[in-house]
């Protein structure tokens, strides 16, 4: 395989749950060596979120391929010494410990920079390391609630969480891009700049559009299930065979095509109720009644074909099983086998393809699988490693 972009970069991560492991897995995807520091015995608690993937957690399998697992008790002096040995040769340190824990362990950004001038510390917190909520624990759904996302998600009668861990994913993505930016800055200027991301501020960025809408309209976008809050028609409608089809009208050309070719109602093109996007939103109920009536006359395949012919973007509403068998993933050859403890599972390739390079899809490690080899690499002999095990340091 062609050398990967981050080959030669070493990342040490004291990580757990989702946000930090998502950031470091993407660094590993690009070829970085990621040493995942876990608690002796139990490891990352995300290993026990579920047991659905051949006895392994679906979260852990998703987030931790291509990493090395080192168990280490960071509260033990010898454990801290070993971590310092690792950091002395590392490029990046990532942590998402509980509020205040990094500072108590002398692993906060300021302390690390003072000891290791070339190291890029990356801190992932709940609400930031300063400010009135710095000491509060934060989990994904709590942050979905605090940013107002839950109030936008669901139906008129009931709120709902987003179906995936969007706050964790957002924070992990910004941590990943922040680390890449800092690596670039260090390469150009020689200065290693610490990176900090909070779950709250990462998801707050994603909330900007509804925030602007609410600030300047005086009311927040309504909860409308699969309907779009500020564009109409844009949503899912059940066809005669019971399958839902979602489509979107983005401009006046598409509106005219919908009326003429799909609804078979050219008279609606100039109907003053639907003349502009805001008009269509204002008269959403009347418009939905017209669209729903047309869908009741067609099965889902017929509806999709007519929408395609009119040049209107549409899609069937898949369940997860249908997604797994999606022709785009199959025909574009996006699945690869990845080894996990006790078996092999299919995994999706990273979504970014870099011309001239491949993808790293190495195994998901067992707890402490690489402890002995990493310690030996640091100069610890077999007898010393056995003493560390006996003392529960590793």
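Only the coordinates and a few stated rules stand behind these numbers; no lab work does. Bear in mind that the values here come from a model prediction, so they are computed numbers and not experimental data. Note that each Cβ is placed from the backbone with ideal geometry, even for glycine, and that neighbours are counted across all protein chains shown.
In degrees from 0 to 90, rounded to the nearest 10, what is the angle of the helix 284-295 Cα long axis to the longest principal axis of the chain? That works out to roughly 80 degrees. Equivalent ellipsoid of the stretch 1-110: semi-axes from √(5λ) of the C-alpha gyration tensor, largest first, are 22, 20, 12 Å. Once you reduce the stretch 117-153 and the stretch 71-116 to the center of their Cα atoms, the two points are 20 Å from each other. For the stretch 275-344, report the % of Cα-Cα distances exceeding 19 Å. Above the 19 Å cut-off, the stretch 275-344 has 61 percent of its Cα pairs. Among 213, 139, 174, which one shows the biggest mean-square fluctuation in a GNM of the chain, springs joining Cα atoms closer than 10 Å? Top of the fluctuation ranking is 213. For the pair residue 322 and residue 117, label points projected 7 Å from Cα toward Cβ lie 5.9 nm apart.
Let me make sure I get this right: for the stretch 307-359, a, b and c are the square roots of the gyration tensor eigenvalues over alpha carbons, sorted descending. Under 1.5 in a/c it's rounded, otherwise prolate if a/b > b/c, else oblate. Which is it? Oblate, because a/c is 1.5 or more while a/b does not exceed b/c.
Between 84, 254, 369, the GNM of the chain built on Cα springs shorter than 10 angstrom shows 254 fluctuating the most.
Rounded to the nearest 0.05, what FRET efficiency do residue 392 and residue 141 have when you use their Cβ-Cβ distance and R0 = 30 Å? Efficiency computed from Cβ-Cβ geometry: 0.35.
Set against the 2.2 N^0.38 Å expectation for a compact globular protein, the stretch 79-195 has a Cα radius of gyration ratio of 1.28.
When the Cα convex hull of the stretch 248-394 is projected onto planes of every orientation, the mean area is 16.5 nm².
When each of the peptides 331-339, 302-310 is scored by the mean number of other C-beta atoms lying within 10 Å of its residues, the order from highest to lowest reads 302-310, 331-339. Debye sum, Cα scatterers, the chain, no solvent: what log₁₀ I/I(0) at q = 0.12, 0.15 1/Å? Here log10 of I(q) over I(0) equals -1.03, -1.33. If you plug the beta carbon distance of residue 332 and residue 248 into 1/(1 + (r/R0)^6) with R0 = 22 Å, you get a FRET efficiency near 0.40. Considering only alpha-carbon pairs that sit under 8 angstrom and 6 or more positions apart, the relative contact order computed for the chain is 19 percent.
Mind checking the full-extension length gain between residue 296 and residue 103? Use 0.36 nm per residue of separation minus the Cα-Cα distance, one decimal, nm. List each step's numbers first, then the result.
Numbers: separation 193, 0.36 × 193 = 69.48 nm, distance 6.15 nm.
Full-extension gain reported as 63.3 nm.
In units of the rule-of-thumb radius 2.2 N^0.38 Å, the stretch 234-316 shows an alpha carbon radius of gyration of 0.99.
The rule of thumb for compact globular proteins, 2.2 N^0.38 Å, goes into the C-alpha radius of gyration of the stretch 150-263 1.52 times.
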